[in-house]
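What follows draws every value from the coordinates through simple rules; no lab data is involved. All of these numbers come straight from a predicted model, not from anything done at the bench.
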């Protein structure tokens with residue numbers, strides 16, 4: 001059976017009537033149509049933007065940080081639990097400590113949600129670091 005790909009004008013006519021979430025998936029998997037897909041208006045019935053979640057037409061897209069480790073590496077129980085529940089819902093520094101949303105470095109194009117977030121204070125990483133050190137000491141003693 002011969003398949004003829006859609007030409008530019010036909011593709012535009014089809015894309016405008018496809019659900020937004022289906023278009024996201026198509027664009028992800030078919031890089032050849034991304035340019036055309038970006039030119040065609042996207043029809044969205046409902047849009048909700050949260051701190052780490054975006055909901056488009058009742059489909060939820062969530063941003064979490066899942067930490068991977070090498071096999072045989074000691075992993076804290078807290079990190080295992082966070083990974084089991086989908087990951088961490090905040091930024092991490094290079095050492096794996098949480099970064100307060102109020103202390104982030106701003107770059108061009110960033111949007112501040114500080115007024116919408118109830119926690120504008122820095123996380124107390126000194127106490128968290130002490131707790132992690134104590135847990136690692138206990139693990140190494142066993």
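Quick check: convex hull of the Cα atoms in segment 29-104, volume per residue, rounded to a whole Å³?
Expressed per residue, the convex hull around the Cα atoms of segment 29-104 is 178 Å³.
When averaged across all projection directions, what area in nm² does the alpha-carbon convex hull of segment 8-62 cover?
Details: hull surface 15.9 nm².
The directionally averaged projection comes out at 4.0 nm².
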